[in-house]
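Some notes on the structure that comes next.
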Amino acid sequence: MIDRDLKRCLGRLVEGVQVVAATHGGVTRAYCSHWVSQVSFAEPLVMASVSPKHDTHPLIAAAGWFSVSLLAGDQVEAGQYFSYPGRRFRYVADEHLVTAPDGTPYVDGCIAWLRCEVVDRIDALGGRPGIERLPLDHELVFARVTAAGQGRLDEPALLYSSRRGWRVEGDRAREAGDSVRDRLLARVAELDEADPGGEASPGDEASPGEDADEGGS
């Protein structure tokens, strides 16, 4: 049993909501998730945390691929429908899923969808010398994004946390044009003026994604 205080803290992790789907042998199943993450820049890789108990899991394993639909803030109905095992509702709301020309199932009206080819599946961590082996209650499925479809890219995203429930992406965290990076660079320039011979520290090179901080979000 997870510690109550730890559970409350983890419950404030807020993530975008996705629907993960797979098709194999003429059967399509899907589930709602907020545990899909991009894990690489140079190679477009994502990781989906999939419960082996869900009926989507064997289809992903058999097909070797899955899709991810990024839900918009007005798609909570689809999100809640796919939050439960489909058999609970006897799969009555199949209108939420449509199919791309290449056979990829996705949620109609979503922000965007991805088709992901599985490259690895992990059901435990550790196990190396000196590191305890930790079995996982979810399988971590790593996959390469091989196709994508643009939907309502400018719509606010649907968000979820177990403590705060369903939310819609909202206000900016800073004013447009306000640049934390520019203020920091101004301070560095002041240091350079005071110490012209100073050298840059290792790691001063821009890291991948650094410019994303200055984007429209």
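The values are calculated or read from the model by the stated rules, or taken from the named source; none is laboratory data. Remember, it's a predicted structure, so these values are computed and weren't measured experimentally. As a convention, Cβ positions derive from the backbone with ideal geometry for all residues, glycine included, and neighbour counts pool all protein chains shown.
Just give me the residues in segment 61-96 being touching an Asp or Glu at 6+ places or on another chain (Cβ under 8 Å), at pLDDT 95 or above and farther than 22 Å from S37 by Cβ, in sequence order. Answer for segment 61-96, where residues must be touching an Asp or Glu at 6+ places or on another chain (Cβ under 8 Å), at pLDDT 95 or above and farther than 22 Å from S37 by Cβ: just D74. Does segment 118-146 hold any residues that are part of a strand (DSSP E or B) and small (G, A, S), and which are they? Of everything in segment 118-146, those that are part of a strand (DSSP E or B) and small (G, A, S) turn out to be A124, A143.
Does G149 meet the test of being under 21 Å from the mean Cα position of the chain (by Cα), surrounded by 13 or more Cβ atoms within 10 Å (Cβ to Cβ) and assigned to a helix (DSSP H, G or I)?
Numbers: under 21 Å from the mean Cα position of the chain (by Cα): yes; surrounded by 13 or more Cβ atoms within 10 Å (Cβ to Cβ): yes; assigned to a helix (DSSP H, G or I): no.
No.
With a requirement of 1 or more residues that are over 23 Å from E77 (Cα atoms) and within 14 Å of the chain's Cα centre (by Cα), the strands (runs of 3 or more DSSP E) lying completely within segment 1-55 that satisfy it span 36-38, 45-50.
Does T56 qualify as being of a type in the set (S, T, N, Q), touching a Lys or Arg at 6+ places or on another chain (Cβ under 7 Å) and within 25 Å of L10 (Cβ to Cβ)?
Values: of a type in the set (S, T, N, Q): yes; touching a Lys or Arg at 6+ places or on another chain (Cβ under 7 Å): yes; within 25 Å of L10 (Cβ to Cβ): yes.
Yes: the conditions hold for T56.
Scanning segment 156-174 finds no residues that are loosely packed, with under 10 Cβ neighbours inside 10 Å, modelled with pLDDT of 95 or more and in the same structural domain as A63 (by TED's automatic domain parsing). Any residue at all in segment 65-88 that is over 18 Å from the mean Cα position of the chain (by Cα), outside any strand (DSSP E or B), of a type in the set (G, A, S) and surrounded by fewer than 16 Cβ atoms within 10 Å (Cβ to Cβ)? No. Of all residues assigned to segment 117-138, none qualifies as being acidic (D, E), surrounded by 10 or more Cβ atoms within 10 Å (Cβ to Cβ) and modelled with pLDDT under 90.
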